[in-house]
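Asker: If you scroll down you'll find the structure; I have some questions about it.
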Ligand SMILES: [Zn+2]
């Protein structure tokens, strides 16, 4: 061993190009260990308790209602959307009883007036289960996870409310993910509030989610992040390839509006267009998901959604909230929105036989790890700035102190301007100003996270240029 080291040293003296390149820049005061590196045992337990067989049972039960079309009948106890929503609510109430009644389950219902895909006034009902946060400083911070429980055969007829519309993948898979998370996570305590939501009328125009999101906006609720799970059920591509180790996470940058907010202008002026709250949420979900769920990869896609398609995250983005969509990596359109039938030996229809329940469980675990991390962590720090009133080669970041009592400090993260995900980090301690020596803000993108005493970190915040010395 010693001999080989000697030979390498000797060779590098003779051929300096063989020597390992010193990392540039050398003056970075970055420490190696961070309190955020360790695994949180509570999150590990939650991830382990997510059950593929529970998810399978939920999906098959939802398919058993025949159709869950938003215009289908509501009186029957065995068929139609009314029976489906009453069953979802009763299951959520069972989870609530099993967890000491902390999970608050309710119908969020309203009459939808006629519109493009709703010919007559129709009662639409979301099932909403809320797990209130336990920390006074955090309980008003809310994270929402959703799936839509309605189904359709809209490839044939968007108003067909009587044909079988099993919707096993679209979107009993997402509904089952939300219900299973509600079951498991309601047994634990979190600082912030979690809302587990199964919504109606996604297929009629995102109507259920829009109703709830609009209520949230009117009440000025602090929805700090939203994930919709829609079509997370199949690991099999149209051409038969199997990919059960990836999930797509659609995350938009700056929304395409004709007017930009001052924050968006500041992002664009400083090359921060990739550091919107939605993109920071996506980075966080990818990091937490891959940290806690072995063999799974989160493929972040810089788009709101797929071409010609939409989802319930959209109505949250449109109201200024950070929101993303999870979907399987390869879709098979024979098994979405189709009337159940066989043509030339090819089976059409969104049936349970085309769902990979273990895969749904893996995607659910990614959701659960990210949501648990978000709800255990402090809020993302406020008023984050980068000092920009003198020419210098160091980078000084400033921010406001968080108000939570369990704050341990703040972490600085950075990456090259062309890199999608954080590359380096340094724990700054419990301070509100920190200089990263030897790294110029001209050459890197920075972020600041708040970290609590258990090592739970918030998503990162992009620093806006601070023009004056503030402290
Ligand atoms: Zn869907």
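The values are calculated or read from the model by the stated rules, or taken from the named source; none is laboratory data. Quantities reported herein were computed from a predicted structural model and do not represent experimental measurements. Here the Cβ positions follow ideal geometry from the backbone for every residue, glycine too, while neighbour counts run over all protein chains shown.
Asker: Are any residues in the range 188-203 within 16 Å of the ligand (Cβ to nearest atom) and touching a strand residue (DSSP E or B) at 6+ places or on another chain (Cβ under 6 Å), and if so, which ones?
Answerer: Result: 197, 198, 199, 200, 201, 202.
Asker: So, in the range 46-87, of the ones that are closer than 30 Å to residue 293 by Cα and free of Cβ contacts under 8 Å to residues at least 24 places away in the same chain, which residue ends up nearest to the chain's Cα centre (by Cα)?
Answerer: Taking the candidates together, the pick is 48.
Asker: Which residues, counting only those in the range 153-185, are in a strand (DSSP E or B) and either crowded, with 20+ Cβ neighbours inside 10 Å or outside the structural domain of residue 341 (by TED's automatic domain parsing) (or both)?
Answerer: 153, 165 - these are the residues of the range 153-185 that are in a strand (DSSP E or B) and either crowded, with 20+ Cβ neighbours inside 10 Å or outside the structural domain of residue 341 (by TED's automatic domain parsing) (or both).
Asker: So which residues in the range 259-294 are surrounded by fewer than 21 Cβ atoms within 10 Å (Cβ to Cβ), at pLDDT 95 or above and closer than 21 Å to residue 357 by Cα, if there are any at all?
Answerer: Residue satisfying the conditions is 290 alone.
Asker: I'm told residue 182 meets every condition in (1) closer than 26 Å to residue 76 by Cβ; (2) within 16 Å of the ligand (Cβ to nearest atom); (3) touching a helix residue (DSSP H, G or I) at 6+ places or on another chain (Cβ under 6 Å) except one. Can you identify the failing condition by its number?
Answerer: (2)
Asker: Only one residue in 144, 128 is crowded, with 24+ Cβ neighbours inside 10 Å and away from the ligand (no atom under 16 Å from the Cβ), so which one is that?
Answerer: So the residue among 144, 128 that is crowded, with 24+ Cβ neighbours inside 10 Å and away from the ligand (no atom under 16 Å from the Cβ) is 144.
Asker: Going through the range 212-230 one residue at a time, which ones are more than 16 Å from the ligand (Cβ to nearest atom) and touching a residue at least 40 places away in the same chain (Cβ under 8 Å)?
Answerer: Selection gives 212, 213, 214, 215, 216, 217, 221, 222, 223, 224, 225.
Asker: Continuing with the same structure: Can you go through 300, 315 and tell me which one is touching a helix residue (DSSP H, G or I) at 6+ places or on another chain (Cβ under 7 Å), crowded, with 22+ Cβ neighbours inside 10 Å and outside the structural domain of residue 385 (by TED's automatic domain parsing)?
Answerer: Result: 315 is the single residue among 300, 315 that is touching a helix residue (DSSP H, G or I) at 6+ places or on another chain (Cβ under 7 Å), crowded, with 22+ Cβ neighbours inside 10 Å and outside the structural domain of residue 385 (by TED's automatic domain parsing).
Asker: Just to be sure before I move on: is residue 356 modelled with pLDDT under 95 and assigned by TED's automatic domain parsing to the domain that holds residue 158 in the structure I sent?
Answerer: no
Asker: Related question: Please tell me if residue 174 is within 11 Å of the ligand (Cβ to nearest atom) and either within 16 Å of residue 324 (Cα to Cα) or free of Cβ contacts under 8 Å to residues at least 24 places away in the same chain (or both).
Answerer: The answer is yes for residue 174.
Asker: From the list 359, 321, exactly one residue is part of a loop (DSSP other than H, G, I, E, B) and buried (at least 21 other Cβ atoms within 10 Å of the Cβ). Which is it?
Answerer: 321 is the lone residue from the list that is part of a loop (DSSP other than H, G, I, E, B) and buried (at least 21 other Cβ atoms within 10 Å of the Cβ).
Asker: For the range 386-465, give me every one of the strands (runs of 3 or more DSSP E) that falls completely inside it and has 3 or more residues that are crowded, with 23+ Cβ neighbours inside 10 Å and not assigned by TED's automatic domain parsing to the domain that holds residue 133.
Answerer: Fully inside the range 386-465 and qualifying: 407-416, 444-452.
Asker: In addition: Given the condition farther than 26 Å from residue 185 by Cβ and at pLDDT 95 or above, answer yes or no: does some residue in the range 92-106 qualify?
Answerer: Checked against the condition, which is being farther than 26 Å from residue 185 by Cβ and at pLDDT 95 or above, the range 92-106 yields no hits at all.
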